[in-house]
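Heads up: the structure comes next, in structure tokens.
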């Protein structure tokens, strides 16, 4: 019984250690209001974890926020204060380290690259739009890779089965191929088709 308890404790500790290591340097993506992608990344700095939050406007870095509470005040803090502007100007993590704060600077650059890598793995920004269909609201979710539409997901549960549902099933492929909402309506499902096209345009306008 005692051996079993010790084994269980060791197993829990090992699981926690694996989880901690796996989250040491990460990148994540989500979408802000207005269709802008918000990317996050972390890396190990001089005193502890440094995290960055990038606000993306398409492929452009529009804003950089850095948190590194454990970095040395007056040294690492200088990099945290000065590098955001440089990264936005360069639209890249490839910027010159702040003198005297090389470790923190390199951690910030690594965290930015981790954040940008998460954007690639997630397929870029996700844009959403809605419009009124035949039976109710039709919503679309576009996955963007820069200015390219790489995926279209459509929801319209109130549209007529066998008519409006045909547009929901068939238009995503056409929109991706055209990289545009300017596609031909599905025969017999004009209202739903037009709602989908309008919703896609609304999503693209939010970018």
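Using a Förster distance of 45 angstrom, determine the FRET efficiency expected from the C-beta separation of residue 137 and residue 102, and round it to 0.05.
On the way: r = 53 Å, r/R0 = 1.18.
That gives a FRET efficiency of 0.25.
Regarding the range 57-207, what's the average projected area of the Cα-atom convex hull, expressed in nm²? Working shown, then result.
Working: hull surface 41.6 nm².
Spelled out: convex hull of the Cα atoms, projected over all directions, averaged, 10.4 nm².
Using only C-alpha positions, report the orientation-averaged shadow area of the convex hull of the range 132-184, nm², one decimal.
Numbers: hull surface 14.2 nm².
Taking a quarter of the hull surface, the average projection is 3.5 nm².
Alpha carbons only, please: Rg and Dmax for the range 93-159, in angstrom.
So, for the range 93-159, Rg and Dmax equal 19.6, 64 Å respectively.
Quickly work out the residue 151-to-residue 85 label distance, labels modelled 7 Å from Cα along the C-beta direction, and quote it in nm with one decimal.
3.9 nm
Every number here is computed from the coordinates shown, using simple stated rules; none is lab data. In this text, all values refer to a predicted model and were calculated from it rather than measured experimentally. In this analysis, Cβ positions are derived from the backbone assuming ideal geometry, glycine residues included, and neighbour counts consider all displayed protein chains.
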